[in-house]
1. How are the alpha carbon pair distances in the range 1-62 distributed across 5 Å bins from zero to the largest one, expressed in percent?
2. Which whole-number percent gives the relative contact order of the chain, counting Cα pairs below 8 Å spaced six or more residues apart?
3. Which FRET efficiency value, to the nearest 0.05, is calculated for residue 129 and residue 390 with the Förster distance at 60 angstrom and r the Cβ-Cβ distance?
4. Among 458-469, 8-19, 428-439, what's the highest-first ranking by average C-beta atoms within 10 angstrom per residue?
5. Give, as a single signed number, the net charge of other residues whose beta carbon lies under 15 Å from the beta carbon of residue 241, with Lys and Arg counted +1 and Asp and Glu -1.
6. Choose one of 288, 163, 352: the residue whose Cα lies farthest towards the positive end of the charge dipole of the chain (beta-carbon charges +1 Lys, Arg; -1 Asp, Glu; about the Cα centre).
7. What's the local net charge at residue 486, with K and R +1, D and E -1, over the other residues with C-beta under 14 Å away?
8. Order 257-267, 22-32 from most to least packed using the mean count of other Cβ atoms within 10 Å.
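Derivation of every value follows stated rules applied to the coordinates shown; laboratory data play no part. Bear in mind the structure is a predicted one, so any value in this text is a computation, not a measurement. Note that each Cβ is placed from the backbone with ideal geometry, even for glycine, and that neighbours are counted across all protein chains shown.
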Amino acid sequence: MSRTVVIAGGGPVGLMLACELGLAGVQSTVIERFAEPSGYSRSLTMHARTREVLEQRGMNQFSDFPPVFTYNFGLIELQDYVDDVSLLPLFVPQREIERLLEKRAIELGADIRRGQEVTGFEQDEDGVRVTVRPAQGSAYQIDCAYLAGCDGGSSLVRKQAGIAFPGTESTADGLTADVLTSEDEDLLIPPTLCQAGMYAAIPLRPGTYRVSVIEFGVPKTSKAVQPTVAEFQSRFRKCAGRDLSILATGEVRYLSRVGNATRLADRYRAGRVFIAGDACHVHLPISGQGLNTGVQDALNLGWKLAADINGWAPAGLLDTYHSERYPVGQRLCWSTRAQDGLLYPVDQVTPLRELFAELVRMEAVTGYLMNLLSGLSVRYAMDYPGQPSELAEHPLLGDRLPHVVLSTATGDLKVSETLQTGRAVLLLLGDHPAPDFLDAGWRDRVDVLRAAPTDEINARTVLVRPDGYVAHADPVGGRDETLRQALRTWFGEPSR
Ligand SMILES: Cc1cc2nc3c(=O)[nH]c(=O)nc-3n(C[C@H](O)[C@H](O)[C@H](O)COP(=O)(O)OP(=O)(O)OC[C@H]3O[C@@H](n4cnc5c(N)ncnc54)[C@H](O)[C@@H]3O)c2cc1C
């Protein structure tokens, strides 16, 4: 049986998945329709959890990037009220993330085939046969263990796998573009609400602006209708009550339509076929959510597929991809629809917006929203039968382990550094003995690290999954039966 994973789509999510598989020694083949990256960056934000995730894989290239110019919830400014600035997203164009992930995926052995398209597949219980059409020449087939559809909102993989994509139609019709201008403009139009909808013109770098206009309460124009600069100008005039001069004088690039259709795949798996990223969820692009959530989908899926291919996945592990990530997708759709509800009709929503603007000045509200939007509040269920309540209710259980600095016999080590191999880690914080059954059965899958106890982690024994989430946290150490259950649940039976 083939040990390869075919990934349809070489966007940020497909590339992240290729990195995760490569790290675990699994070969992937990424099929990407575009011969070259377009250079366009739809996403401009990198949230705190995505930064942590890249850091724990040794890709901490973005710490010097500036925070985003404005950050809001439903266009209600949050930025000014966030006490902990590390929660604010950074301004990182999507293309930068894709460039980094593509380079890393190739280093880790991924076979990236650009200018080729997945056109179909057949699966049985032993594998998947994927049909690929290159730009030139005849279609060919690849046999693989699993197919991952990271092929965006219109995902062919999702459709052919028979995965339903229920949700709401778009009730908004918008355009977005980057405008290059040599004029000495000092233009800044923050996202502004108006009777018809919303408009904005934000500098991306000197001489380049991201311009958007969106009308609410109207159906979205079909993608088949090519947008034009004249249409953009006319829509801008309708919303802002004036022309935008750079649309007339500048070079308009990547002109595309946007809407607020919100859809969530009803299952993330169909047999040997998985979907991730926009293939699972689409929504109004607001508060910088899609790419960031998709990267976390790939993080969750990667080590589980690799565990299966490497022969040690416990029964049911692959199904936890849906059970863990679908609820995250639900909250993503919920939070973007909630923001949508704060935008239109402007007369009706103004009192609600004013109330919300007062609420976000409260530290607890801002903190809640930033944790929600940044991905830091994601917590997975870790239920083990008979688990003592002291362990079941431990605040770290199911949460991501914060990237604190640990003091080890060989010097200081950040938690993120311990996760760079993509393997699970058992942290022993103190001098209590390591459980003897670990050496006998799980050391091939779980590393052990001893460090001094730290006030920042209220536990003596912590089992961390390869994705950085805590599968067991014991405040005193020595709860070996629950630890054994956690090891079995996530890493399978002991090898001896
Ligand atoms: C205007 C706008 C602004 C946004 N801003 C943000 C933001 O600030 N923050 C944020 O987090 N998100 C943002 N997003 C969302 C973000 O861009 C997407 O969530 C992200 O690109 C999804 O990544 P993906 O890899 O799942 O899909 P995509 O980026 O769509 O990549 C899918 C890839 O699959 C390829 N493909 C498709 N079909 C096939 C096939 N059959 N065979 C082979 N290849 C195929 C495509 O060519 C494409 O390269 C924004 C979106 C829009 C529209």
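1. 4, 14, 21, 23, 20, 14, 3, 1, 0
2. Relative contact order for the chain comes out at 17 percent.
3. Efficiency, from the Cβ-Cβ distance: 0.75.
4. My ranking of the peptides, most packed first, is 8-19, 458-469, 428-439.
5. That sum, taken over residues with Cβ under 15 Å, equals +2.
6. Checking the options against the dipole of the chain, the answer is 163.
7. Here the count lands on 0.
8. With the highest mean Cβ count within 10 Å placed first, the list reads 22-32, 257-267.
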